[in-house]
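Heads up: the structure comes next, in structure tokens.
The values are calculated or read from the model by the stated rules, or taken from the named source; none is laboratory data. The shown structure was predicted, so the numbers you read here are calculated from the model rather than taken from an experiment. Neighbour counts run over all protein chains shown; Cβ positions are idealised from the backbone, glycine included. Keep in mind that these areas ignore ligands, DNA and RNA; they rest on the heavy atoms of the full protein, side chains included. Shrake-Rupley method; radii C 1.70, N 1.55, O 1.52, S 1.80 Å.
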Amino acid sequence: MTAIQLNAEILRNMSIIAEDENLMKRAAKYLRKLVSEKEDSTLFTKEEFFARIDKARKQPGKQFSSVEELDQYIRNL
């Protein structure tokens with residue numbers, strides 16, 4: 001679905017719920033939540049990204065003798 005199609009669908013749905021104040025309040029609340037998630041995203045600057053890579057490279061690695069051992073380790077995290 002293209003951005004134009006998505007926009008049209010959102011506007012069509014908004015015109016339907018615009019007649020109901022409770023639905024509009026719920027939509028506004030959800031949109032605020034989406035915006036805050038976007039603002040809290042885990043995007044890094046280029047410097048932060050490479051700093052994390054450097055930090056990870058300095059940490060000792062973990063080795064597993066089998067897939068089962070790896071699976072057990074991950075499940076216990």
Exercise. Inspect region 3-16 for any residue being open to solvent by less than 100 Å² (accessible area, probe 1.4 Å) and in contact with a Lys or Arg (Cβ under 9 Å, 6 or more places away or on another chain) and give the result as yes or no.
Key: no
Exercise. For region 59-68, name all the residues that are modelled with pLDDT of 90 or more and open to solvent by 80 Å² or more (accessible area, probe 1.4 Å).
Key: Ser65, Val67, Glu68
Quiz item: Residues in region 38-46: is at least one at pLDDT 90 or above and either open to solvent by 100 Å² or more (accessible area, probe 1.4 Å) or β-branched (Val, Ile, Thr) (or both)?
Solution: no
